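Here's the structure, in structure tokens; my notes come after.
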Amino acid sequence: MDECEVIEVKETYASQDPATDLKKVELAIKKVTQEIQVLQGHKQQLIAKREKLRDAIQQNKSAQLAQKDWDRKDFPWSKELQNIQENTFKIPKLRAHQLPTMNATLSGEDCILIMPTGGGKSLCYQLPAHVSKGVTLVVSPLVSLMEDQIMGLKALNIEAQMLSASSTREQVNGVHVDMTNPNSTLKLLYVTPEKLSKSKRFMTKLQKMYQMGRFARLAIDEVHCCSQWGHDFRPDYKFLGVMKKMFPSTPILGLTATATSRVIQDVQKILEIQGCLILKASFNRPNLFYEVRPKPSSHDECVKQIQHMLQKEFEGQSGIIYTMTIKDAEQLASDLRSQGLRVAPYHAQLDADVRSRVHTKWVKNDYQESGRAGRDGEPAKCIVFWRFGDLARQSTMVFTEQTGLENLYGLITYCLDGVRCRRNLIAEHFDEAWETSDCAGMCDHCKIPREIKTMELGDYGQKLLLILEKSSRLDQRLTGQKLVDLFLGKGPTKQRVQEATATGVLRETAESIVAYLLVDGFLKEDFHFTPYSTLSYIVPGPKAEAGIKPSPMAVGGSRKLSNCSSLQSSLINESSGKDKSSKSGIKKTVKQSSKEESTLKKSGGASSNSQNSHSLSLHSNEEQPASKKRRIIVVDDSDDEIDD
């Protein structure tokens with residue numbers, strides 16, 4: 001509003017008609033408000049453009065760093081590095097991206113390494129730790145991960161220590177002495193992020209170690225946990241943002257198997273290492289076979305299916321079963337033990353010594369490595385067991401997270417897809433371009449392809465809206481299961497809508513339709529808190545409210561059986577370890593969602609790595625006689641597994 005308008009408004013106050021003056025003032029306010037909204041919108045656009053330009057500058061800096069030949073073997077430390085690699089770690093040859101990462105961190109460069117599970121990320125800081133003077137501090141989110149590495153290092157007679165909630169006072173004091181002792185042989189120290197954020201005494205020792213020139217590097221395992229945009233955000237990881245300010249000359253090495261470009265940019269900002277070197281390996285692991293199966297609706301049937309897999313498909317092998325909660329872990333372990341299987345629960349509420357003992361027994365059962373199957377490069381299976389009934393149970397747990405529902409719906413999309421190559425679905429999320437031929441028949445859809453069909457859901461969508469409308473008039477909220485019941489003409493008579501009944505539709509199909517309409521945005525979940533739980537109800541989504549039809553759903557038609565014989569030879573042997581092909585690690589996932597795989601926001605799939613539901617991971621590095629007994633750990637994979 002210009003000066004003339006201001007004068008005019010002032011003059012109107014002196015007129016003899018207050019009503020007219022009020023209208024003029026109201027109009028002036030409205031005009032100013034509109035101008036402010038326009039300016040605010042323009043400001044937001046400029047802010048967004050500024051952030052994109054800043055990101056582009058940092059990406060260019062990272063790209064320039066990546067142009068340097070980090071694979072060289074003529075660095076001052078190269079000969080020593082190779083000597084330790086061959087004689088201490090007994091590794092004749094390094095894998096892709098390992099040497100460049102080691103040379104970068106030994107050069108003092110901040111670096112982020114993105115490499116699939118089993119690619120050898122841990123060696124990228126373990127080996128340089130023996131070349132550098134001082135101590136490499138390794139931050140890891142889970143005690144089990146640290147114990148794995150400590151056991152592996154001790155097997156090579158390499159000294160490494162760990163500080164966690166279970167550490168004794170004597171152990172803590174001993175580590176603190178080693179941190180500031182110039183003559184100490186300690187090279188690797190593992191801690192949880194909670195140890196850094198909550199222990200002032202430890203941070204004091206760390207500062208002293210830095211002042212003495214003994215803080216060689218900070219290695220952050222599962223670095224994606226820093227970002228709220230990631231699938232596995234850990235609040236205490238945010239504390240790591242102060243490390244570069246406190247220890248500016250200490251290089252940071254972040255490592256992860258699961259991170260999108262968006263997450264990596266966020267991690268750089270949080271850790272204040274923008275423009276650092278970024279090394280990224282392909283997420284395609286050709287030894288993994290991906291498949292989705294319907295999960296049994298009852299707990300007893302699910303237990304029977306797991307029992308059958310252990311006793312028939314994977315006879316004589318060990319594994320891990322991930323569950324959603326501690327209660328689930330205890331119950332499932334008990335159920336499987338009652339069937340004569342050697343199982344033990346593993347979760348945060350166990351005493352530390354019990355948890356370590358269970359972990360150690362499992363690792364020593366002739367495994368090459370603890371962790372997920374396929375880490376040794378041998379064929380492995382990744383099977384998702386999907387059931388609509390678990391969607392609400394999972395969504396009520398993650399909807400408060402920054403990208404919780406987005407990630408979960410990505411996994412649901414992966415499960416619902418009936419035709420596309422699983423690897424293509426995974427690639428979309430990680431901004432990679434994979435061809436269907438890259439799969440080589442190593443997923444359920446490429447193994448025996450189906451004819452592609454589409455199902456128009458407009459009519460079904462309208463039926464569901466009629467049901468929701470009637471229930472709303474009756475002041476009744478509908479859960480997903482109740483909505484499916486009414487959709488099939490079941491449930492309370494007074495809530496049924498005869499003309500909205502999906503005649504001739506199987507329940508499994510009806511559940512898939514409702515799930516698809518949720519991820520498509522035609523329906524949406526409405527969450528309500530109660531004193532004891534959180535409930536998910538279904539309501540019309542943004543598409544329905546805008547009068548937009550739902551997208552058609554791709555469904556698999558009949559199998560193209562002509563392809564079966566040509567693909568059969570490429571499949572892994574599933575005959576429970578009775579020949580050399582079955583010595584391989586085999587991983588089955590019995591789950592409806594997972595924190596690893598829930599990061600697939602675009603199209604679902606195995607983002608993998610950090611399951612948050614029932615999963616069975618079986619792994620073996622050598623043939624086992626059929627008489628050999630199995631050891632199975634039933635693990636709660638919720639956030640409660642964090643130490644401290």
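Search the stretch 420-438 for residues being in contact (Cβ under 8 Å) with a residue 60 or more places away in the chain and farther than 20 Å from residue 553 by Cα, and hand back the single one that is farthest from the chain's Cα centre (by Cα). Checking each candidate, the answer is 438. Of all residues in the stretch 399-419, those that are over 22 Å from residue 224 (Cα atoms) have Cβ atoms under 7 Å from Cβ atoms of residues that are of a type outside the set (A, V, I, L, M, F, W, C) and at pLDDT 85 or above, 6 or more apart or on another chain, in 416/512; 416/516; 419/445. Kindly indicate whether residue 184 is in a loop (DSSP other than H, G, I, E, B), among the polar types (S, T, N, Q) and in the same structural domain as residue 105 (by TED's automatic domain parsing). So residue 184 passes the test.
When residue 140 is tested against (1) touching a helix residue (DSSP H, G or I) at 6+ places or on another chain (Cβ under 8 Å); (2) surrounded by fewer than 17 Cβ atoms within 10 Å (Cβ to Cβ); (3) in contact (Cβ under 8 Å) with a residue 12 or more places away in the chain, just one condition goes unmet, and that condition is (2). Annotation for the stretch 195-217: no member residue is outside any helix (DSSP H, G or I), buried (at least 20 other Cβ atoms within 10 Å of the Cβ) and under 25 Å from the mean Cα position of the chain (by Cα). Note on the stretch 110-137: residues that are in a loop (DSSP other than H, G, I, E, B) and modelled with pLDDT of 95 or more amount to 1.
How many residues does the stretch 490-535 hold that are in a helix (DSSP H, G or I) and of a type in the set (Phe, Trp, Tyr)? Before you say what the answer is, go through the steps one by one.
Applying the first criterion (in a helix (DSSP H, G or I)) to the stretch 490-535 yields 493-495, 498-500, 507-520.
Now drop any that are not of a type in the set (Phe, Trp, Tyr), which leaves 516.
Summing the residues that are in a helix (DSSP H, G or I) and of a type in the set (Phe, Trp, Tyr) in the stretch 490-535 gives 1.
Restricting 509, 534, 501, 479 to residues that are surrounded by fewer than 19 Cβ atoms within 10 Å (Cβ to Cβ) and more than 33 Å from the chain's Cα centre (by Cα) narrows the list to 501. Of all residues assigned to the stretch 237-252, at least one qualifies as being touching a Gly at 6+ places or on another chain (Cβ under 8 Å), in the same structural domain as residue 103 (by TED's automatic domain parsing) and surrounded by fewer than 20 Cβ atoms within 10 Å (Cβ to Cβ). Residue check: residue 236 meets all listed conditions (1) modelled with pLDDT under 95; (2) assigned to a loop (DSSP other than H, G, I, E, B) but one, namely (2).
The values are calculated or read from the model by the stated rules, or taken from the named source; none is laboratory data. Note that the coordinates shown come from a computational prediction; the quantities given were computed from them, not determined experimentally. All Cβ positions, even for glycine, are placed from backbone atoms using ideal geometry, and neighbour counts span all protein chains on display.
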